[in-house]
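The values are calculated or read from the model by the stated rules, or taken from the named source; none is laboratory data. Everything numeric in this text was worked out from a predicted model, so none of it was measured. With ideal geometry, Cβ positions are generated from the backbone for all residues, glycine too; neighbour counts draw on all protein chains shown.
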Amino acid sequence: MPRTVAVVLANDPGSGFVGSKYLSVVGGITLIDRSLAGASVWPVDEVIVVLGPDAEDIAATLGSWDATIVIDPEWEEGSAASLRVGLDVVMRGPATDLVVIAFADQPEIPASDVSALLDAAEGATAVVPKYRYRRGFPIVLARESWEHLLGLEGDVDLLGLLESHPEGVAEVWFDRLETPRIRIPEDVTGR
């Protein structure tokens, strides 16, 4: 069984939030805790959370999750910085075969989705979900793709990058829409 690590990126500051987006209350708990509650039931060996904006405030309020918390001091550079930090931590830890890249502002990803993506990972360099007719997250990356990603800078469209280099990329189709991300305060309403 391949060793798998989830890297949950909390690097998008959002827009219009009073205080940290990740400390917004969603369904009775903070967004970051809700994300970690979801990731805690995924079929992975370890969860790493990369904090960007308001990292110290978020870390001070986190529940007691079995997760490694990492602070990305260069998050303002763009999404590549947090991805590099997460992959660097994975590469310095125990030998790992697969990484699940997810966003902390997309807290309701079912464990069954992650399981289906991991099941399709054998022989692939990356596995992406296709929710109805649109690719989304989380994404599974095999070890051979990590070094290429460590050299990226600025804002990175990981889905676009995989689309422009389709060799070795597998798709798993889901007959429903992608779990929505929380990007603005109105996205919290009704959750």
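Some observations on this one:
- Looking only at the range 25-45, and only at residues there that are of a type in the set (S, T, N, Q) and either without any contact (Cβ under 8 Å) to a residue 60 or more places away in the chain or surrounded by fewer than 21 Cβ atoms within 10 Å (Cβ to Cβ) (or both), the one that is nearest to Ile101 (Cα to Cα): Ser40
- Matching residues in the range 126-152 - criterion: being at pLDDT below 95, surrounded by 12 or more Cβ atoms within 10 Å (Cβ to Cβ) and not in a helix (DSSP H, G or I): Leu152
- Neighbours by Cβ (under 6 Å, 6+ apart or cross-chain): first from the range 155-175, surrounded by 13 or more Cβ atoms within 10 Å (Cβ to Cβ); second at pLDDT 90 or above and assigned to a loop (DSSP other than H, G, I, E, B): Gly168/Ala124; Gly168/Thr125; Ala170/Ala120; Ala170/Ala124; Val172/Ala120
- Options Ile109, Ile48; residue that is of a type in the set (Val, Ile, Thr), buried (at least 19 other Cβ atoms within 10 Å of the Cβ) and part of a loop (DSSP other than H, G, I, E, B): Ile109
- Residues of the range 28-42 include at least one that is part of a strand (DSSP E or B), hydrophobic (A, V, I, L, M, F, W, C) and modelled with pLDDT under 95.
- Of all the residues in the range 32-51, those that are under 24 Å from Gly16 (Cβ atoms) and out of contact with any Pro (no Cβ under 7 Å at 6 or more places or on another chain) number 6.
- Any hit, the range 5-15, residues being at pLDDT 95 or above, surrounded by fewer than 24 Cβ atoms within 10 Å (Cβ to Cβ) and not charged (D, E, K, R): yes
- In the range 99-121, the residues that are hydroxyl-bearing (Ser, Thr, Tyr) reach residues that are surrounded by 21 or more Cβ atoms within 10 Å (Cβ to Cβ) with C-beta atoms within less than 8 angstrom, at least six apart or across chains, in these pairs: Ser115/Trp42.
- Filtered residues of the range 153-186 (kept if more than 15 Å from the chain's Cα centre (by Cα), part of a helix (DSSP H, G or I) and not small (Gly, Ala, Ser)): Leu161, Leu162, Glu163, Pro185, Glu186
- Residues located in the range 80-98, provided they are part of a helix (DSSP H, G or I) and touching a residue at least 12 places away in the same chain (Cβ under 8 Å): Ala80, Ala81, Ser82, Leu83, Arg84, Val85, Gly86, Leu87, Asp88, Val89, Val90, Met91
- Test: residue in the range 52-65 that is free of Cβ contacts under 8 Å to residues at least 24 places away in the same chain, out of contact with any strand residue (DSSP E or B) (no Cβ under 9 Å at 6 or more places or on another chain), within 25 Å of Ala142 (Cβ to Cβ) and assigned to a loop (DSSP other than H, G, I, E, B): no
- Filter result (in contact (Cβ under 8 Å) with a residue 60 or more places away in the chain and either among the small types (Gly, Ala, Ser) or out of contact with any strand residue (DSSP E or B) (no Cβ under 9 Å at 6 or more places or on another chain) (or both)) within the range 131-154: Leu150, Leu152, Glu153, Gly154
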